[in-house]
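To start, the structure itself, in structure tokens.
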Amino acid sequence: LSNLVIIEDSEYFKELEDKLAALEERWSHVVKWTDKRWDNLQELSFKWTKLSEHHRVINQWLNSRENSLKMMESKEVTEIGTAMERIKSLEFCRADLHKLQNYVEKLDLVVHCLKKESLSTLNIGDKVESINDRIEALNQILDIQHDRIEGMGFHVDKTSARKVSLPSGWDNFELKMEEVDGRKATITVDHVDISEGGNVIKEGD
């Protein structure tokens with residue numbers, strides 16, 4: 001339309017030229033709006049993909065820890081060596097659940113952002129609430145396990161900031177979350193930093 005030239009000394013064709021100019025302007029706005037909408041949809045698709053992946057790994061994380069704690073509950077501690085292994089597992093699990101909680105809080109923040117933008121979150125919000133209930137239940141099981149071990153005369157430090165080895169047979173889900181985020185892992189497979197102050201997900205991920 002911008003290359004269209006009409007040469008005619010007539011009011012009719014002048015009016016047509018004005019209409020074509022107006023149409024060109026409207027079309028330009030449509031193209032810009034479409035580009036912006038496409039960018040927004042691409043960003044939303046990226047957010048949803050990451051949101052779904054985080055939710056999938058978090059569920060695997062919870063299921064794994066639930067199974068591990070149930071196995072610990074089913075086995076009696078009768079020897080000192082077994083008690084020491086149980087203490088290490090409890091210390092790791094306590095710190096591990098704290099890190100899991102950080103990821104869940106980040107997941108909840110993404111859900112709130114989507115709602116704020118008037119975008120559908122399906123039932124993710126309800127799922128996050130259910131995950132928080134499961135984490136609380138696991139922490140209660142941990143407290144019971146701690147009390148049992150301390151009742152045998154052993155001390156379990158619930159606030160230790162030292163590095164604890166990943167218990168044998170346990171998956172390191174923090175590494176899996178870093179893979180989802182596309183970030184290079186900052187911890188080794190055999191050890192995990194269980195300090196209380198570490199941020200798990202970078203702001204803006």
**Prompt:** Just for region 1-56: of the residues that are among the β-branched types (Val, Ile, Thr) and modelled with pLDDT under 90, which one is farthest from residue 135 (Cα to Cα)?
**Reply:** 7
**Item:** Only listed residue being more than 15 Å from residue 167 (Cα to Cα), of a type outside the set (A, V, I, L, M, F, W, C) and surrounded by 15 or more Cβ atoms within 10 Å (Cβ to Cβ), chosen from 116, 106
**Value:** 106
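So is residue 58 crowded, with 17+ Cβ neighbours inside 10 Å, out of contact with any strand residue (DSSP E or B) (no Cβ under 8 Å at 6 or more places or on another chain) and closer than 20 Å to residue 173 by Cα or not? Please lay out each step first, then the result.
Details: crowded, with 17+ Cβ neighbours inside 10 Å: yes; out of contact with any strand residue (DSSP E or B) (no Cβ under 8 Å at 6 or more places or on another chain): yes; closer than 20 Å to residue 173 by Cα: yes.
Considered against the rule, which asks whether it is crowded, with 17+ Cβ neighbours inside 10 Å, out of contact with any strand residue (DSSP E or B) (no Cβ under 8 Å at 6 or more places or on another chain) and closer than 20 Å to residue 173 by Cα, residue 58 comes out as yes.
Yes/no matrix, rows are residues, columns are (1) at pLDDT below 90; (2) assigned to a helix (DSSP H, G or I); (3) closer than 30 Å to residue 149 by Cα:
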position	(1), (2), (3)
94	yes, yes, yes
103	yes, yes, yes
108	yes, yes, no
114	yes, yes, no
120	yes, no, no
126	yes, yes, no
129	yes, yes, no
134	no, yes, yes
**Fill in**
The condition of being within 18 Å of residue 100 (Cα to Cα), hydrophobic (A, V, I, L, M, F, W, C), more than 16 Å from the chain's Cα centre (by Cα) and at pLDDT 55 or above holds, among 192, 164, 156, 180, only for 164
**Prompt:** Of the residues 45, 64, 52, which is touching an Asp or Glu at 6+ places or on another chain (Cβ under 7 Å), surrounded by fewer than 18 Cβ atoms within 10 Å (Cβ to Cβ) and assigned to a helix (DSSP H, G or I)?
**Reply:** 64
**Prompt:** If you take the residues in region 136-153 that are aliphatic (A, V, I, L, M) and open to solvent by 60 Å² or more (accessible area, probe 1.4 Å), which one is modelled with the lowest pLDDT?
**Reply:** 152
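In region 60-81, is there at least one residue being of a type in the set (A, V, I, L, M) and free of Cβ contacts under 8 Å to residues at least 40 places away in the same chain? Give the steps one after another, and end with the answer.
Of the residues in region 60-81, the ones of a type in the set (A, V, I, L, M) are 62, 69, 71-72, 77, 80.
Those still in the list that are free of Cβ contacts under 8 Å to residues at least 40 places away in the same chain too: 71, 80.
Checking region 60-81: at least one residue is of a type in the set (A, V, I, L, M) and free of Cβ contacts under 8 Å to residues at least 40 places away in the same chain.
The values are calculated or read from the model by the stated rules, or taken from the named source; none is laboratory data. Because the structure is predicted, anything quoted here is derived from the model rather than measured. Neighbour counts run over all protein chains shown; Cβ positions are idealised from the backbone, glycine included. These accessible areas exclude ligands, DNA and RNA; they are computed on the full protein's heavy atoms, side chains included. Shrake-Rupley method; radii C 1.70, N 1.55, O 1.52, S 1.80 Å.
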